[in-house]
Amino acid sequence: MYSLLELGSKSEEFSKEEIRFIKSKIPKQKYNIRYSIYNKTSSKNLYIAFVIDTMRNSVRRSGVENSWTTICERDLTNIEYDEMIKNFGTNNRRFKVYYYRHIEHLILEDKKYNIDTPEEFILKCKSLGYTGDFQLKMEI
């Protein structure tokens, strides 16, 4: 049979049986998505944080969470969950973070997964000035 330790260090793609085994051991509810604002000023001027928390029900708060103000949260979609399982063993940190300068860029990334970015988060980002020159739709 398999063990998570062996599969976590595997360099080839997982077979369907291995993916089923990993899914049986790591439930979708383990993960959480957070839409946050980065509190500190950065030389890269990256202010919007899209955070995947891989230990959603952790009792102890992580120190890195002090760097973000979380506006809203949601569960992983099935597509995101499949992606996390396919990449099992490649992430050795609790948080997987993607930073954005403009809210429109995050909206476009969410659309790739058929997700509507929470309206509350969009309004908050726009009120803080994190909006840019991304074109969300083309009208002809």
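What follows is calculated from the coordinates using simple rules that are stated; it is not laboratory data. Worth saying up front: this structure is predicted, and the values here are computed from it rather than measured. Here Cβ is always computed from backbone atoms with ideal geometry, including for glycine, and neighbour counts include all displayed protein chains.
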What whole number of Å gives the distance from the Cα centroid of the range 70-94 to the Cα centroid of the range 95-124?
15
Of the listed links LYS23/LYS111; LYS25/LYS124; LYS23/LYS124; LYS25/LYS126; LYS10/LYS40, those spanning more than 29 angstrom between alpha carbons are LYS25/LYS124; LYS23/LYS124; LYS25/LYS126; LYS10/LYS40
Name the lysines eligible as straight-distance cross-link partners of LYS96: C-alpha to C-alpha under 16 Å, and not fewer than 8 places from it in the same chain.
LYS28, LYS30, LYS86
So, in nm, how far is label ARG56 from label LYS96 when the simple model puts each one 7 Å beyond its Cα toward the Cβ?
1.5
